[in-house]
């Protein structure tokens, strides 16, 4: 065989392989091109703005994106990196505040989430992107034992020439571009939330408290009976808590709930929570954000959207004079598994017991805790629904 024949054969093989992965190549190219375009637009914005704080915030975002080009996936901490960027941008705009991150207005947060949702939907609908995001999160990590449920997986774990070409493509084009776009989403959202100059609106805690009873209980989610038991067990940690629920504990409850649902469907996996397909994960994030942004349409919540988060977090903490049995009695009496009437019931009970202590900051504290429980349970239902869709191998 001559050199020409060898080169011709190599060319034919290469062309055949490229044609066989045409959709994946197009999807990866579209994803990378869209990422570069967004980076270019943010850089251009940074060059044009005359506002020093905006320039600094954009620089922090671009630096965080730049650091992702050579980062090890095993070492990158998703949660810490996200919170770190938000804190840095919040501090740029509120350097003299004790808790800069709490200076966000709830209305701005919802608007930022709505914009982020539209950007995620744009990525999902890029041509052939679904082809190139079929792999599971597990495939990002080395030496990962996947679940037998995924034996028919079309991700980069398959053997052959196609796999050897696809694996570098997925890791270098898809995963890194998605991580960079996530950081861009976070940075742009933080710019919107903390860079706005809207004034904080006033609100009467008593007026909000009177309307909290009109909040509907979260609707029942159609789930398999086995999953429903997991969800109900997790829900009780919120419904029957006799003390205030810190946000850190809420995050733990959501994570444990997601992990238990993932483990139910992928019990043989090393880390079941990594069994989600990236394409499905993007859709779930979009659906979750859409559900959260709809909260702004509820009249009672509109009354507090203009408040800065610091007003609620600094409201007087309540020393609840009730135990779990009393809260259980309320739940059984009012049939409020969603705690919609929790605040007003607490208000009336305290009023009878200690009428002299109901000062304005105490009422705001009741609004804070009761409203938070409703919101936490609302999100709990969304987390359960999306986790079930993500991990059920036979939806």
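The values are calculated or read from the model by the stated rules, or taken from the named source; none is laboratory data. None of these values were measured; they are calculated from a predicted model. Note: ideal-geometry Cβ built from the backbone for every residue, glycine included; neighbour counts use all protein chains shown.
Would you be able to say whether some residue in region 84-105 is under 15 Å from residue 177 (Cα atoms), in a loop (DSSP other than H, G, I, E, B) and touching a residue at least 12 places away in the same chain (Cβ under 8 Å)?
Within region 84-105 (the criterion being under 15 Å from residue 177 (Cα atoms), in a loop (DSSP other than H, G, I, E, B) and touching a residue at least 12 places away in the same chain (Cβ under 8 Å)), the answer is no, since none of the residues qualifies.
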| field | residue 112 being within 22 Å of residue 287 (Cα to Cα), in contact with a helix residue (DSSP H, G or I) (Cβ under 8 Å, 6 or more places away or on another chain) and in contact (Cβ under 8 Å) with a residue 12 or more places away in the chain | value | yes
| request: Filter region 240-263 down to the residues that are within 22 Å of the chain's Cα centre (by Cα) and in contact (Cβ under 8 Å) with a residue 40 or more places away in the chain, then identify the one that is surrounded by the fewest Cβ atoms within 10 Å (Cβ to Cβ). | output: 245
| query | How many residues are surrounded by fewer than 15 Cβ atoms within 10 Å (Cβ to Cβ) and modelled with pLDDT of 90 or more if we restrict to region 215-231? | reply | 4
| said: For the condition part of a helix (DSSP H, G or I), more than 17 Å from residue 191 (Cα to Cα) and at pLDDT below 75, what is the one hit in 163, 157? | reply: 163
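Here's the yes/no breakdown for (1) surrounded by fewer than 20 Cβ atoms within 10 Å (Cβ to Cβ); (2) at pLDDT 80 or above; (3) not assigned by TED's automatic domain parsing to the domain that holds residue 36:
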position	(1), (2), (3)
118	yes, yes, no
123	no, yes, no
136	no, yes, no
150	yes, no, no
